[in-house]
Structures are given as C-alpha cells and as structure tokens.
Amino acid sequence: MVKNCYIHIPFCNTICSYCDFCKQYYNKKKVKDYLKKLKEEIDNNYNNEPLETIYIGGGTPTSLSLEELTELFEITDSLNTKDNLEFTIEANIDSITKEKLLLMKEHKVNRLSIGIESINKNNLKFLNRKLDINETKEKIELIRSLGFNNINMDLIYALPIESKEDLLKDIDFLTSLNVEHISTYSLIIEDHTVLKINNVENIDDQLDEEMYNLIKKELEQKGYIHYEISNFSKPNYESKHNMCYWHNEEYYGFGLGAASYINNIRKTNTRSLTNYPNKYLEEEKVDESSKIEYEVILNLRLLEGIDLIRFKEKYNKDFNELFDYQELVNNNLLEIVNNHLRIKEEYLYVSNEIIVKLLQTRKEV
C-alpha cells in the first residue's frame, strides 16, 4: 500500500545558479493553470490510500501567494491522511510570512524544510541566492512561536570559492538555530545550469572529502545523528518521507517533473507545462531483479544499511543467496551489525564505488 506522496511546485522568484530541478519563474497566470492541472492529476491517479507523509517541494512552494497556497492546500485536504502524518513544505526565508505559516498550520503542515545553503555573502552571490542573517533568526523565532517543532535546513558546501573556515561558520550558524534536521549537499555542477554554462568546475575530490568529514565531525559533536549519507537529525527527527525512498517503498509523485513509483512502475512526469499532466519523460517497469538492485543502492545510503531480516521478508530470499559479499566484509568495506549489512562509516564518502562492487557479486540464481 502506498503511504507517501510528493507534490512538486516548480515556481521560484529567482533561479539559483546551481539548480537543475524542474523550475520556472513565478507567473500568476501560470500558477493558476498549474494548480488546476495538479488537481486533475491527483483526482485521476490517487486511490485514497491513507498517507503517512506528504512532501511539497520545488521550486519554492512559498513563492505562491496566500490565495494560491490556500488553493494548493484545498487540494491536499482532499487526501486521506493518518493521524501521525508528517507534512513537509519547502520554503525560503524571504517568502515566509506569519499569514502563510498560520495557513500551513491550519492545513496540517508540521515540518518546514528551509533552503539556507550558506550565510557567506560571496557564496550566496555565487549561488544567486539572497539571505539576511537577522531576518533568518527572526523568522525562525516566528516559526517556533507558532508551534512548529520540526525544521530542516539545507546546507550546500564544496563551492570552488569556499574555504573550510567558511564552511565552519555556516555549520555554526545552522546549529545555533537548534533546528531538528540538517541536509547537506556537495555542490555538483549539473548540465543546463548557470554554473555549467559559465564553465565552473567542481572542486577536487580530496578537498570535497575533507569538507564532508568536517561536517560530519562538527554536527555529531553538536548532537546530530548521521543517519544517511547527506542527512543529520536530532534523535527521532529523521525525515520519514525520505526514509520511504531509501527503504525502496512505493510513493506518489504529482506535479511537473515529479517522479512516482507505483505498482512496480517508476515514472517521471514531463517538465513541459503544456504537456502536463498527460505525458511522461520516462517510464520503467521494475521487475524483481531490478527491484532488488534498487533495494541495495538505496538501503546502503542509510548508515544502518540493509536490514537482512526485512530483506528476506520482502523478497523471500536470503541476501547471501543472491550476493557473495564476504570478500567486501573481509576487506573492511562492509560490516554486519545487528543483522544489518552496512558500509563502514569511514568509507561512506566512496559509497558509490562500494555499492558497485557489491552489485558485481550478484550470483546467477
């Protein structure tokens, strides 16, 4: 049964230089048309399963006006939800208002994911973002005063112009706000972004790894649990929605460019508002062999790794019947702890290489 739902709002007031997500500049007429099509897609595809998570991402969902957000929440109000619902919406500090927060609270939103990225002025200019530190502190106080107690903040690091000292200041600022969750992203220069067009190159791997380890050390010292390659949380504040991806569970994906995984079919919606919602960029039928491969790739992003008991319950096969991973254990790349096969923590930075090695040990059965 599907328990999770992602909804994409592609509109932004500004376009960041690194962003390759499905996005476009805010336009009132386009928003009106989009919300109408979004409702159509949900009405035609949602089967009324009781949801445990809803995640509204973007773009910048809070770039919508109060009236437009009201219309969006009228759509989400039609969804069947459980009492323990985690309902996240992405936001930028400059588009958060008391009125929007009250509206969110009225419509079950209980988790905010805020794009901070950096407090360094040069970094912000490089990323084409704006941020005022004092406004940020004031908005966090406002959010807290209205009863929100689950906040994520995003941090981007490994910028070509960034030093480790700059990164430490960013970490100190985020942790000073005592948020429950911090997501960290190493800057990757993606195709079709301003940075790529300007021929900006990624920093070297060694410095990237040093910054990764610095983040891990600092956040763990300040009480955050490193539970997924890029994510840290206070105890019991892991992202329930993202855990559905890493546990290879099925989920709805509604909106422009949104991905879904339903009935063993992975689909990605068109990025064209003209063609939305009736066309897909790609569609993949996932057989059991591919499903197991996804399971390995996604589970090993988590520090807990692959739950070998849950794996057997899910696929009716022992993991060691399918993969000959003992050599990777002998070489101290993988370890088994409490019936979980996981990547040793000191090798998380090169997790992709280890996952490839593990997949290559798959047996013919």
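The values are calculated or read from the model by the stated rules, or taken from the named source; none is laboratory data. Bear in mind that the values here come from a model prediction, so they are computed numbers and not experimental data. Quick reminder, even Gly has a Cβ in these numbers, built from the backbone with ideal geometry, and neighbours come from all protein chains shown.
E138 passes every criterion in (1) part of a helix (DSSP H, G or I); (2) more than 28 Å from K105 (Cα to Cα) apart from (2). Within the range 154-173, is even one residue in contact (Cβ under 8 Å) with a residue 12 or more places away in the chain, in contact with a Gly (Cβ under 8 Å, 6 or more places away or on another chain) and buried (at least 18 other Cβ atoms within 10 Å of the Cβ)? Yes. Looking only at residues in the range 269-287 that are among the charged types (D, E, K, R) and surrounded by 11 or more Cβ atoms within 10 Å (Cβ to Cβ), the one that is modelled with the highest pLDDT is E284. Applying the criterion of being outside any loop (DSSP other than H, G, I, E, B) and within 20 Å of the chain's Cα centre (by Cα) to the residues of the range 274-305, the residue that is farthest from E250 (Cα to Cα) is L302.
Could you pull out the residue among L322, L303 that is surrounded by 15 or more Cβ atoms within 10 Å (Cβ to Cβ) and farther than 30 Å from M211 by Cβ? Please lay out each step first, then the result.
Details: L303 fails: farther than 30 Å from M211 by Cβ.
After ruling out the rest, the residue left standing is L322.
Scoring Y245 on the criteria (1) in contact with a strand residue (DSSP E or B) (Cβ under 6 Å, 6 or more places away or on another chain); (2) surrounded by 15 or more Cβ atoms within 10 Å (Cβ to Cβ) leaves a single failure, condition (1).
The residues listed here are K137, K130; of these, the one that is within 23 Å of K28 (Cα to Cα), surrounded by fewer than 19 Cβ atoms within 10 Å (Cβ to Cβ), among the basic types (K, R) and touching a residue at least 12 places away in the same chain (Cβ under 8 Å) is K130. Checking V31 against (1) under 19 Å from the mean Cα position of the chain (by Cα); (2) buried (at least 20 other Cβ atoms within 10 Å of the Cβ), only one condition comes out false. Which one? Failed condition: (1). Of all residues assigned to the range 112-122, none qualifies as being touching a Phe, Trp or Tyr at 6+ places or on another chain (Cβ under 8 Å), closer than 19 Å to L177 by Cα, acidic (D, E) and assigned to a strand (DSSP E or B).
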